[in-house]
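None of the figures in this text is laboratory data; all of them are computed from the coordinates on show. Everything quoted here is computed from the prediction, not taken from an experiment. Methodologically, a virtual Cβ is constructed for each residue, glycine included, from the backbone with ideal geometry; neighbour enumeration extends over all protein chains shown.
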C-alpha cells in the first residue's frame, strides 16, 4: 500500500468504545507519522483525546454547516470508520475518500471499499476488532501509552478536590451509574457498603457520574456519610480523567468511567453484569474484572425479567478483595 497522506477517522460515539479504539488510533499514527489525520466525532471525545497528538484537524459532530463540503475538499486518501452505524459509513462515502474501511453492518457494505466482517460478540476484544480495521490500512499494533491529561484538566481536578476538602487526602472513586441500563448497575446498597469499607481503611470517597446520575450518586454518598462527596455532573471529561489518575482506586460498573480510569493507568475494579468482559473489559495495566456469570450470561440485555442474577452474585467482599490486590 502506498503511504497515506490524508486520513479521515470517524470516532465512536461512546466514551468506552472510543477508549477501546486507542490501540487502533495509535497504530495508525505510528504507521503514518507524516499523514494529516482528521478526527470526526463528538466534541467531548475530541477534547478528551486531544493530548494524545493523534490528529491535526477535528470536525465535531453534529457537524457545522458545510461539513460534507469541507471533507470532500480535504481529498482524503482513506477513511477509517469505527462506528458500525449506516450514517457513519455514509459520511465516509460522501467525503470521497479513496479507501473506506469499516465493519460490514446495517447494509452499508456498498458504501465501503473494505467491509470487515465482525466475529460474534465476545470472541475478540473490541480493541482487537478496531485494530483489524486499522490493519486494513497498513497499520500494526504498537505499545499503548497511558491516557494523558492536559494542564487545564489537572488544575480543574485540583480545584474540585479542594472544594471537597481532599487537597492532600488519598481518595477512592465510585461509579454507581451506567447509561446502558439496569443490567449493568450493581446495587446502590452494595456500592454504599463498599464505600463504608473504603472509608474505614482511611480513604475519602468521591462518587462520580454524569449529570443524569446526580441523584444516584448523592444517595450513595449520603449513605457512606461524612467521608464521601458526590461530584456527579460537575466535572468535565478531561478533569474526570485527571481525578481518576490521582485516585488510589476506582470501582465502577461497566461504564465509560471504568474505561476512563483504566486508560489513565489507575487501579480500577469493574463490576460486570449482562455484558461480556471478554469483549469490552477496560484496557489498562491495573484492572480487575469482577463477574459471576450465570448460564444466561452474557445476554447483553439492558433490563432483566428474572432478577439480575449476574449482579446479585457479585458480593461486596469479592470487590474489596479485588481492590485489595490492586492497591497492595
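Considering all C-alpha pairs of the range 89-178, those separated by over 17 Å amount to 69%. Each principal axis of the Cα cloud of the range 115-225 was evaluated for its coordinate range; sorted largest first, these ranges are 52, 36, 27 Å. Both radii are taken from the alpha-carbon atoms of the chain; with Rh as the Kirkwood radius, Rg/Rh is 0.99.
Across 47, 197, 106, mean-square fluctuation computed from a Gaussian network of the chain (C-alpha pairs under 10 Å connected) peaks at 106.
Going from the fewest other Cβ atoms within 10 Å to the most, the residues 299, 208 appear in the order 299, 208. Once the Cα-Cα distance is subtracted from the 0.36 nm per residue extended length, the residue 94 to residue 56 segment shows a gain of 11.6 nm.
Note on 286, 217: ascending count of other Cβ atoms within 10 Å places them as 286, 217, the fewest first.
Packing-based ranking of 181-192, 311-322 yields 181-192, 311-322, ordered from highest to lowest mean Cβ neighbour count within 10 Å. Computed over the range 152-327, the percent of Cα pairs more than 19 Å apart is 52.
Using a cutoff of 8 angstrom between alpha carbon atoms and counting only pairs six or more residues apart, the relative contact order for the range 152-327 works out to 23 percent. Here the residues 252, 274, ranked from fewest to most Cβ neighbours within 10 Å of their Cβ, fall in the order 274, 252. Remark on the range 164-209: ratio of C-alpha radius of gyration to 2.2 N^0.38 Å is 1.27.
Rounded, prolate or oblate: pick one for the range 233-328, where a ≥ b ≥ c are the square roots of the eigenvalues of its C-alpha gyration tensor, a/c under 1.5 means rounded, and failing that, prolate if a/b is larger than b/c, else oblate. Show your work: numbers first, answer last.
Values: a/c = 2.17, a/b = 1.57, b/c = 1.38.
It is prolate, given that a/c is not under 1.5 and a/b is the larger ratio.
For the pair residue 325 and residue 118, what calculated FRET efficiency results from E = 1/(1 + (r/R0)^6), where r is the Cβ-Cβ distance and R0 = 30 Å, to the nearest 0.05? After rounding to 0.05, the efficiency reads 0.35. The calculated FRET efficiency for residue 295 paired with residue 234, based on their beta-carbon distance and R0 = 56 Å, is about 0.85.
Each peptide in 155-163, 12-20 was scored by the mean count of other Cβ atoms within 10 Å over its residues; highest first, the order is 12-20, 155-163.
Relative contact order of the range 231-328, taken over Cα pairs closer than 8 Å and 6 or more residues apart, is 25 percent. The equivalent ellipsoid of the range 45-124 has semi-axes of 22, 17, 12 Å, largest first, where each one is the square root of 5 times an eigenvalue of the Cα gyration tensor. The distance from the alpha carbon centre of the range 127-176 to that of the range 1-70 is 17 Å, rounded to a whole number. Considering only 297, 277, 88, give the residue with the highest GNM mean-square fluctuation for the chain, with springs between Cα atoms whenever their separation is below 10 Å. In this elastic network of the chain, the residue with the biggest mean-square fluctuation among 297, 277, 88 is 297.
Can you give the relative contact order of the chain as a percent, counting alpha carbon pairs under 8 Å and 6+ residues apart? Over the chain, the number comes to 16 percent. Specify the angular offset, from 0 to 90 degrees and rounded to the nearest 10, of the alpha carbon long axis of helix 126-135 from the longest principal axis of the alpha carbons in the chain. Once rounded, one gets 20 degrees. Assuming 1.567 mPa s and 4 °C, estimate D for the range 19-82 with Stokes-Einstein, Rh taken as the Kirkwood radius over Cα pairs, in µm²/s. After rounding, the answer is 103 µm²/s.
Based on DSSP H segments of at least four residues, each scored -39500 (n - 2.57), the chain has a per-residue ellipticity at 222 nm of -11000 deg cm²/dmol.
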